[in-house]
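Peer 1: Got a structure here, written out as structure tokens. Questions coming.
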Amino acid sequence: MSKTDRLDEQILEILTKDARISNREVGRLLNVSDVTIGKRLKSMQRAGAIRLAALIDPLALGLSCASFIRLKVAPEMSREIAAAASELKEVAFVALTGGTHNVVTLALVEDRDALAQLVHNHFRKWEGVHSLETHEISSSPKHRLDVVRITDKARNKVR
């Protein structure tokens, strides 16, 4: 695990506001060279502290229905079911959790009909699913896109 210092935090703050800003402009704003900015970004990438990626707006793609689908799954089947959910293009997020619902997913679909089809054609057919609940997201007062957990799929561990 790597630690960031004040300069790293300032760089990240600028990039969360405008990810397309040049290293030269970031350096100008922070009164350091663009080479320093580039080295800091590379170092944070190598350490796994950041990953540079494009964000996609689901609404712009016609995906206007977002829903959490929470599953009560036989414990011995939870990883298998989570893996199956991960393969569905409509599923943007899958987590194994403690508590009553041990697999939680986030689905992004066109509308409620598509959500119903997803649930009935996939989730309800999987062996080991005892029950499920869907929770359509009506609004999202807070959604920090600059902070996400990055999973190493090869080892299935969270960094």
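The values are calculated or read from the model by the stated rules, or taken from the named source; none is laboratory data. Model, not experiment: these values are computed from the prediction. Using ideal geometry, Cβ is built from the backbone for each residue, glycine included, and neighbour counts are taken over all protein chains shown. Heads up: the accessible areas ignore ligands, DNA and RNA and are worked out on the full protein's heavy atoms, side chains in. Shrake-Rupley method; radii C 1.70, N 1.55, O 1.52, S 1.80 Å.
Peer 1: Can residue 33 be described as without any contact (Cβ under 8 Å) to a residue 12 or more places away in the chain and hydroxyl-bearing (Ser, Thr, Tyr)?
Peer 2: Judged against the criteria, residue 33 is a match.
Peer 1: Hey, residue 35 hits all of (1) at pLDDT 95 or above; (2) surrounded by 13 or more Cβ atoms within 10 Å (Cβ to Cβ); (3) of a type in the set (A, V, I, L, M, F, W, C); (4) not in a loop (DSSP other than H, G, I, E, B) but one; which does it fall short on?
Peer 2: Only one criterion is unmet by residue 35, namely (2).
Peer 1: Condition test on residue 63, is it closer than 30 Å to residue 120 by Cα, within 20 Å of the chain's Cα centre (by Cα) and modelled with pLDDT of 95 or more?
Peer 2: So residue 63 fails the test.
Peer 1: Another question about this same structure. So which residues in region 112-135 are touching a residue at least 24 places away in the same chain (Cβ under 8 Å), under 13 Å from residue 68 (Cα atoms) and either assigned to a helix (DSSP H, G or I) or not charged (D, E, K, R) (or both)?
Peer 2: 112, 115, 118, 119, 123, 132, 134, 135
Peer 1: What residue, among those in region 130-157 that are of a type in the set (A, V, I, L, M) and open to solvent by less than 70 Å² (accessible area, probe 1.4 Å), is modelled with the lowest pLDDT? Quick ask: steps written out before the conclusion?
Peer 2: Of all residues in region 130-157, those of a type in the set (A, V, I, L, M) come to 132, 137, 145, 147-148, 150, 154.
Narrowing the set further to residues that are open to solvent by less than 70 Å² (accessible area, probe 1.4 Å) leaves 132, 137, 150.
Values: 132: 97, 137: 94, 150: 58.
Looking at residues that are of a type in the set (A, V, I, L, M) and open to solvent by less than 70 Å² (accessible area, probe 1.4 Å), I get 150.
Peer 1: From 54, 47, 92, which residue is touching a strand residue (DSSP E or B) at 6+ places or on another chain (Cβ under 9 Å), within 28 Å of residue 12 (Cβ to Cβ) and modelled with pLDDT under 95?
Peer 2: On inspection, the qualifying residue turns out to be 92.
Peer 1: Of the residues in region 14-32, how many are closer than 30 Å to residue 139 by Cα and exposed (fewer than 12 other Cβ atoms within 10 Å of the Cβ)?
Peer 2: Result for region 14-32: 3.
Peer 1: Test each condition in (1) within 30 Å of residue 106 (Cβ to Cβ); (2) part of a loop (DSSP other than H, G, I, E, B); (3) not small (Gly, Ala, Ser) for residue 16 and report the one that comes out false.
Peer 2: Residue 16 satisfies every listed condition except (2).
Peer 1: Report, by residue number, each residue of region 86-111 that is of a type in the set (S, T, N, Q) and in contact (Cβ under 8 Å) with a residue 24 or more places away in the chain.
Peer 2: Of all residues in region 86-111, those of a type in the set (S, T, N, Q) come to 86, 97, 100, 102, 105.
Once the filter is applied, which keeps residues that are of a type in the set (S, T, N, Q) and in contact (Cβ under 8 Å) with a residue 24 or more places away in the chain, region 86-111 yields 100, 102, 105.
One line per residue, one yes/no per condition, for (1) open to solvent by 70 Å² or more (accessible area, probe 1.4 Å); (2) at negative phi; (3) under 13 Å from the mean Cα position of the chain (by Cα):
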site	(1), (2), (3)
51	yes, yes, yes
55	yes, yes, yes
59	yes, yes, no
67	no, yes, no
71	no, yes, no
77	no, yes, no
85	no, yes, no
90	no, yes, no
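Peer 1: Need the failing condition index for residue 40 against (1) within 30 Å of residue 129 (Cα to Cα); (2) without any contact (Cβ under 8 Å) to a residue 60 or more places away in the chain; (3) open to solvent by 60 Å² or more (accessible area, probe 1.4 Å), just the number.
Peer 2: That leaves (1) as the condition not met.
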